[in-house]
Amino acid sequence: MDSKEVFLQIFRENIHREGSDALLDYLEHKSDFFTAPASARFHGSYPGGLCEHSVNVYRCLEAYLERERVRELYGLDYSPESVALVSLLHDVCKTGCYKAGTRNVKGPDGKWQTVPTFFYEDSLPYGHGEKSVYILSGFLRLTREEAMAIRWHMGFSGDEDKRLVGQAFQQYPLAFALSVADMEATYFLEKDEA
């Protein structure tokens, strides 16, 4: 199965709350979610990279939450729906933001050559995690912990006040877990793509 098929299977098996059908219709037919890159020049910077990254984050979050220490010592226990929702949709803010183009780079022979790239153009500059929460909230109701997890998934690599990141992680452990899963997917699973 390709990433889109895996994404759809995970979504359909786990996410059933009111509004999820409309959200899935939006993702499939009214957005570029399944064809968008995950970034302009780093991880997943190719068509379909966003969907692939989302599936990777799901797998990493699921594995993190299955750890004995995480379950027993930290007491983290979330429904399959919450796990699927926050991981698959944390970067929905990236839909409609990447435009295909070209740029010039020096080739191995030292000569300039034109290569394909993506340019980031955000027509709804609402932030990153908060934009994902905003978009999702137009379709379905998130729990406070789900909203916080998506909002703060960039962790300490975002531009926010670091005290707020730490406070969010303390109050909403799913935010920390999602951030770990996002970083693992980005820097370990997808590192060769960067």
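On the stretch given as the range 131-167, residues that are surrounded by 15 or more Cβ atoms within 10 Å (Cβ to Cβ) and at negative phi total 23.
From the list A38, A22, the lone residue that is crowded, with 21+ Cβ neighbours inside 10 Å and either in contact with an Asp or Glu (Cβ under 9 Å, 6 or more places away or on another chain) or outside any loop (DSSP other than H, G, I, E, B) (or both) is A38. Looking at R12, R67, which is the one that is within 20 Å of A149 (Cβ to Cβ) and not β-branched (V, I, T)? Answer to the check: R67.
Answer yes or no as to whether E130 is more than 25 Å from S20 (Cα to Cα) and acidic (D, E).
No; evaluated as a whole, the condition is false for this residue.
Filter the helices (runs of 4 or more DSSP H) completely within the range 78-194 down to those with at least 2 residues that are farther than 23 Å from E52 by Cα and free of Cβ contacts under 8 Å to residues at least 12 places away in the same chain.
Result: 162-171.
Among the residues making up the range 57-81, those that are under 23 Å from M154 (Cβ atoms) and either crowded, with 24+ Cβ neighbours inside 10 Å or of a type in the set (G, A, S) (or both) are V57, Y58, L61, A63. Being crowded, with 17+ Cβ neighbours inside 10 Å, in contact with a Pro (Cβ under 7 Å, 6 or more places away or on another chain), aromatic (F, W, Y) and modelled with pLDDT of 95 or more is a description that applies to Y98.
The values are calculated or read from the model by the stated rules, or taken from the named source; none is laboratory data. Note that the structure is a prediction, hence the values are computed from the model and not measured. Note: ideal-geometry Cβ built from the backbone for every residue, glycine included; neighbour counts use all protein chains shown.
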